[in-house]
1. With the requirement that a residue be among the β-branched types (Val, Ile, Thr) and either over 31 Å from the mean Cα position of the chain (by Cα) or in the same structural domain as A:Ala59 (by TED's automatic domain parsing) (or both), what does region A:150-171 give you?
2. Among the numbered criteria (1) under 22 Å from A:Ala406 (Cα atoms); (2) in a strand (DSSP E or B), which one does A:Thr793 miss?
3. From the list A:Ser156, A:Ser120, A:Ser165, pick out the single residue that is modelled with pLDDT of 90 or more, among the polar types (S, T, N, Q) and part of a helix (DSSP H, G or I).
4. How about region A:272-311: which of its residues are outside any loop (DSSP other than H, G, I, E, B) and of a type outside the set (D, E, K, R)?
5. Which of the residues belonging to region B:4-24 are within 7 Å of another protein chain (Cβ to nearest Cβ) and in a helix (DSSP H, G or I)?
6. Looking only at residues that are modelled with pLDDT of 95 or more and within 14 Å of chain B (Cβ to nearest Cβ) in region A:645-665, which one is nearest to B:Ser38 (Cα to Cα)?
7. Output yes when any residue across region A:598-616 is within 14 Å of chain B (Cβ to nearest Cβ), in a loop (DSSP other than H, G, I, E, B) and in contact with an Asp or Glu (Cβ under 6 Å, 6 or more places away or on another chain), and no when none is.
8. Among the listed residues A:Thr344, A:Thr389, A:Thr385, which satisfies the condition of being at pLDDT below 95 and either touching a Gly at 6+ places or on another chain (Cβ under 7 Å) or not assigned by TED's automatic domain parsing to the domain that holds A:Pro615 (or both)?
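The values are calculated or read from the model by the stated rules, or taken from the named source; none is laboratory data. A quick note: this is a predicted structure, and the numbers were derived from the prediction, not measured. Cβ coordinates were reconstructed from backbone atoms using ideal geometry, including for glycine residues, and neighbour counts include every protein chain displayed.
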Amino acid sequence: MSLSREKDYGTPLRTSQILVTLSIDGVQTRVPAGTSVMAAAAKMGTQIPKLCATDTLEAFGSCRLCLVEIEGRRGTPASCTTPVEDGMIVRTQTKRIADLRRGVMELYISDHPLDCLTCSANGDCELQDMAGAVGLRDVRYGQDGERHRTVAVDDSNPYFTFDSSKCIVCSRCVRACEDVQGTFALTIDGRGMGSLVTTGGPDFLNSECVSCGACVQACPTATLNEKSVIEMGAPTRSIDTTCAYCGVGCGFRAEMQGDKVVRMVPSKAGKANEGHSCVKGRFAWGYATHKDRITKPMIRANITDPWREVTWDEAFTHAASEFRRIQGAYGIDSIGAITSSRCTNEETFLVQKLVRAGFGNNNVDTCARVCHSPTGYGLKTTFGTSAGTQDFKSVAMSDVILVIGANPTDAHPVFASRMKKRLRQGAKLIVIDPRRIDLVRTAHIEADHYLALKPGTNVAIINALAHVVVTEGLVSEAFVRERCDLSDFESWARFVARHENAPEAVEKVSGVAAHEIRAAARLFATGGNAAIYYGLGVTEHSQGSTMVMGMANLAMATGNLGRDGVGVNPLRGQNNVQGACDMGSFPHEFSGYRHVSDDATREMFEGLWSVTLSPEPGLRIPNMLDEAVEGRFKGLYIQGEDIAQSDPDTQHVTRGLRNMECVIVQDLFLNETAKYAHVFFPGSSFLEKDGTFTNAERRISRVRKAMAPQAGLADWETTLAFAKALGCVFAYDHPSQIMDEIAALTPTFTGVSYAKLDELGSIQWPCNENAPYGTPIMHVERFVRGKGKFMITEFVPTDERTTQRFPLILTTGRILSQYNVGVQTQRTANNIWHDEDVLEIHAFDAENRGIRDGDLVAIQSRSGEVALHARISERMQPGVVYTTFHHAKSGANVITTDYSDWATNCPEYKVTAVQVQRTNRWSDWQEEDRASGDLLRIIERKADAAE
Amino acid sequence: MSAHKLVRMANQIAIFFRTQPEEAAAAAVADHIKSFWSPVMRREIYAHLGAGGEGLEPLARAGLEVLKACDAGAYDGVTK
């Protein structure tokens, strides 16, 4: 495949019902009103020279290279800032214009180093291209400009350099940072020829820059350039694929030299990201070829033995033999599997098929159990389907944005940029979070209402908001009457109107002032299109499912569903959480969220798979571990998950794993869980396989193989071979055939195929005969379940209470530069921003305990104890402390408990009662983990063991 | 699984459905446990129920009685 470049129309394309006819260089063309002359010309194939314009940014009109002549107008207007008009006659090439453009180019080149042949952007430089396009042959002012040459190259950022000597001060980087990313880290310092792009700090690394790459993407020269390009040279081929980090699912172009990635470039055609990216997807891909990758299968009899490298065949035979032995000894239900939200839909589907058809039980679960399982339950109960209601671009139509229990600027940064753009345009913002997240007050954005509730009181707050809506006559009666079950609504309305749900009563439990709750409710109900965006701060509670239903109630009561700008929108953590759930990874349901007890559905699967399937739900992850501790669950196949780090109550998890007789881990690295494994199947990164991911907006996007699997097999091939060793006949030559089977068995996917994905770029399910091109917005005319169902959501305080012994509440979260358990991002330069998890604590709590910033502190809960360094933070409220869980050595989940959501067993990560005190040592668990960790990872290498 | 954990889970479910009318609430508890608990978990909670059901909230107990009858084939009610 050759290197492809996306066309640049110079200014953003417009959509309008009104078409405008004009003539460009004697050719008539029709374009939507609002289109610039530059874009109109580009659409018909005429590239007007430009430097400061690019179609991801609004026109700026500074470079004066895109001048044109327009009949009847004086002068030579800039085509980028001139909108088309009916009857306009434009000439893009005349002698007068050519002279002007050459003159402009002369000025630029007079202060630009002429080192094109050795420049890292050679062949990929718009200045070079434009010099050619305007026919520059001479520079009358000489070529010895010294304006920028005394400024040193800033190479502080680990991924890109800033070489001011090559800067033409077009402001594209500054505008990208403002308009696309919304960080405002860059500015132009000085005037005239003294103008310089600056970060406002000593260098890029020590500035507000978040390394999203938007400035690098926008730069037309080598001023901002990837270090990988400087080191390796220009890419020679490219492949369109999808990012494997968070649930935004950005489209990327993997630009390659042979089988080496040179850079990952965000795709403008990617409908989730529209050309934007974050530091992880754009730059943190080096883990894929990191030296820690395990590329040979390994086995061992006991976890205290060294690993022994074996052939794939031996690994499959051994693993299959062990699983069959265990089932023979302990029963058919004694084994199970965990699918991965980092793997593709096809791989996930295969694993659950292996469990149901090969293991003969339904003991399959996925990591969504510990993050968004309450979303599935809550939205299916109220709306009829287990997914968010909108596409990402819907936020551009929102007038009020309610963010609850989510930190989009860190965890979903590319979507956060869309959201911030809308907020800068004037949409109102309500943030409900115990921790003062960036969005509460950031560049040109300030929340209209920030409800700093106590952890564990989400449901009380959502009921109080609903109370105001109902008791102050703010219900959208027409919507409720037409779209919802009236009997359920009336019961719910009576419930929320009760005194205990009034803001004044809720103030006592939540800590949020009643007048703030009332004001936020009024704004949400009356401010126009109101949308809810939420994350794990909603789901990871003992009332996670209740809260999801509470938000659905609020959206229905205010009529905020079924159109652009509104909706209930989960922000999914990992790249394919939505897909893993869609594919039937939960133990109680097949793909498409159909219960295993449904005879018609089960018979359909049985018919295609030629097996008898169990009609009973299997074990969920926590149940599997409980059963393992009890000694009845003995074998687990884990694809791409690290439950020993990510799941709560680590010591309980590891007790369960130690009790098993065969744990199979399939992963890129020897992760924490692999310390307790007996078989290791080396995994393949997203660059090494074909498949699809489904993002948080239900968008199915292709993942395309850019290089051969390092271990010889893609993950789907590994599962296939394991299934074969177990005696299962699964016949696929390519993941597209697995998708065909998914489509044949899943009503919401019947229209999905690789051919259609190639044609459309991506598809939002449902995609079937009723929606052949997919469904951007759900529940437009009716809810999937028919009438929307209001659910009564009584607030029940969690049993996890503060006590004299544990007087603080710990809550956990994520940071921008690291991803989940960190196995990927910690094998990149991202560690420069976050090399350890710290405990954020309010100054009041710190002072009471004699804790200073940077002190090592012990954090104790009823589950365990770890030590972290303290960071005194104004983000925290008194009584609440916070940490991230990205580093295994931190053991953040040693502290969290086994309390979980009532409906789904999703762990209550967000509320743990703890004590914090100064210490001078790591905890016993941390010391033991470090001592035993290395022992459990020893590999006895044999040069000829595996091919 | 430990009876203590199963009792806690059953009680949590009952607490959610307690706002519904009594008969519907018991059926809802039964339906939820039938839909999401594996047979081995159900057998264990039945055993605990048979041994007196210590710690079970009345509604959890009522729901489990409904489900136990259903699992024994003697119930033709709301559960699947």
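1. A:Thr150, A:Val151, A:Val153, A:Ile168, A:Val169
2. (2)
3. Residue meeting the stated conditions: A:Ser165.
4. Passing the criteria: A:Val279, A:Gly281, A:Phe283, A:Gly286, A:Tyr287, A:Ala288, A:Thr289, A:Met298, A:Ile299, A:Trp307.
5. Hits for region B:4-24 are B:Lys5, B:Gln12, B:Ile13, B:Ile15, B:Phe16.
6. It comes out as A:Gly656.
7. Within region A:598-616, not a single residue is within 14 Å of chain B (Cβ to nearest Cβ), in a loop (DSSP other than H, G, I, E, B) and in contact with an Asp or Glu (Cβ under 6 Å, 6 or more places away or on another chain).
8. A:Thr385
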